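Novice: Sharing a structure with you now.
Nothing in this text is a laboratory measurement; each read-out follows from the coordinates by a stated rule. All figures in this text were calculated on a predicted structure; none of them were measured in a lab. Backbone-built Cβ (ideal geometry, glycine too); neighbour counts: all protein chains shown.
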Amino acid sequence: MEPRTITLTVNGDRRCVAVRPNLTLVEALRDELHLTGTKQGCGTGDCGACTVYLDGRPVNSCLTLAVEADGRSVTTVEGLAPSGTELHPVQEAFIAHGAVQCGYCTPGMVMSSAALLSREPAADEPSVRHALAGNLCRCTGYTKIVEAVLACVGDGSCGAHGAAAAEGKA
């Protein structure tokens with residue numbers, strides 16, 4: 001298959017990359033653009049480890065072909081924070097609440113949590129659990145992850161940052 005050059009905006013930077021038509025977005029991000037924060041988990045859209053924002057909406061990048069991102073905006077966990085020197089409030093909450101263990105699911109959990117809080121800044125526990133239903137974690141049992149997200153609701157710091165990142169402005 002002949003490679004095709006696509007242009008996409010990744011974490012606010014315009015990037016051109018040659019990809020095979022069957023290359024997934026997660027493979028392009030990790031292997032071609034060297035953004036390894038997004039994890040390749042199941043490859044079937046069941047685990048959520050590969051969650052990124054495509055034009056501000058969370059998607060499983062293992063189910064999205066890279067060519068589908070041509071001309072579009074992609075935000076990865078590396079681009080979620082408002083600057084390169086600080087963490088997004090959801091990331092800070094995950095650390096503060098011990099919601100990180102092996103770390104494999106963390107990028108997807110953080111992206112899904114920030115997306116929820118940008119849409120629903122006053123999310124309650126059932127909303128958090130529903131938003132994270134597409135993300136699997138084999139280590140934490142979810143309690144600390146849910147506590148971390150709810151802590152963001154309590155201090156109100158996550159909604160604005162999540163919205164900015166989803167729009168590619170963080």
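Novice: Through the Karplus equation 6.51 cos²θ - 1.76 cosθ + 1.60, θ set to phi - 60°, convert the phi angles of the stretch 55-62 into ³J(HN,Hα) values in whole Hz; use x for Gly and Pro.
Specialist: My calculation for the stretch 55-62 gives 6, x, 10, x, 9, 7, 6, 7 Hz in order.
Novice: State to the nearest 20 debye the size of the charge dipole of the chain about its Cα centre, where the only charges are +1 on K and R beta carbons and -1 on D and E beta carbons.
Specialist: In total the dipole reaches around 220 debye.
Novice: Also, quick follow-up: Tally Lys and Arg at +1 and Asp and Glu at -1 over the other residues with C-beta under 12 Å from the C-beta of Val110: what net charge comes out?
Specialist: Around Val110, the surrounding residues sum to -1.
Novice: Applying the Karplus parametrisation 6.51 cos²θ - 1.76 cosθ + 1.60 with θ = phi - 60° to the phi angles of the stretch 8-20, what ³J(HN,Hα) value in whole Hz is obtained for each residue in order, glycine and proline being reported as x?
Specialist: My calculation for the stretch 8-20 gives 9, 9, 10, 6, x, 10, 6, 10, 10, 8, 8, 10, 6 Hz in order.
Novice: Another question, if that's okay. Where does the charge balance sit around Val10 when Lys and Arg score +1, Asp and Glu -1, over other residues with C-beta under 13 Å from its C-beta?
Specialist: Charge balance near Val10 sits at -1.
Novice: How do 106-113, 90-97 rank on mean C-beta neighbours within 10 Å, highest first?
Specialist: 106-113, 90-97
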